[in-house]
1. Pick out which of 23, 58, 78 has the largest mean-square fluctuation in a Gaussian network model of the chain, springs linking Cα atoms closer than 10 Å.
2. Residue 82 versus residue 59, label points 7 Å from Cα toward the beta carbon: distance in nm?
3. Can you put 81, 75 in order of Cβ neighbours within 10 angstrom, beginning with the fewest?
4. Quick one: among 48, 34, 13, which has the greatest mean-square fluctuation in a GNM of the chain with alpha-carbon springs under 10 angstrom?
5. Note down the Stokes-Einstein diffusion coefficient of the chain in µm²/s, whole number, using a Kirkwood radius over alpha carbon pairs, 10 °C, and 1.306 mPa s.
6. Using Cβ contacts closer than 10 Å as the measure, can you line up 89, 66 from fewest to most?
7. Where is the GNM fluctuation largest for the chain (alpha-carbon springs, 10 angstrom cutoff): 59, 29, 45?
8. Hey, fewest Cβ within 10 Å first, where do 39, 87 land in order?
């Protein structure tokens, strides 16, 4: 289990990215594997041929080494839509 101070622990780890592309189905689709940087973070751009339509999609990122995971969501909005991004924990 990782906490907010475990960034170095997660350095250089393989992280599998899964997205539920049709949320009602409950089926996860493997997209790719990225390696975490020195801050324990990954960055990923969905390839053009796998782009998602407008909607809200669950995302699961799984650390291969110990199978810990982080759940998140990606929201795809129509072009030109105004929106706000915020963090409730101040990170």
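1. 78
2. The modelled label-to-label distance comes out at 2.5 nm.
3. Ranking 81, 75 by Cβ neighbours within 10 Å, fewest first, gives 81, 75.
4. For the chain, modelled as a Gaussian network with Cα springs under 10 Å, the answer is 48.
5. In µm²/s, the coefficient rounds to 108.
6. 89, 66
7. Maximum among the listed residues: 45.
8. Result, fewest neighbours first: 87, 39.
Here, each number is a calculation from the coordinates, and none is a lab measurement. Computed from a prediction, not measured in an experiment: that's the story for all the values here. Reconstructed Cβ throughout: ideal geometry from the backbone, glycine too, with neighbour counts over all protein chains shown.
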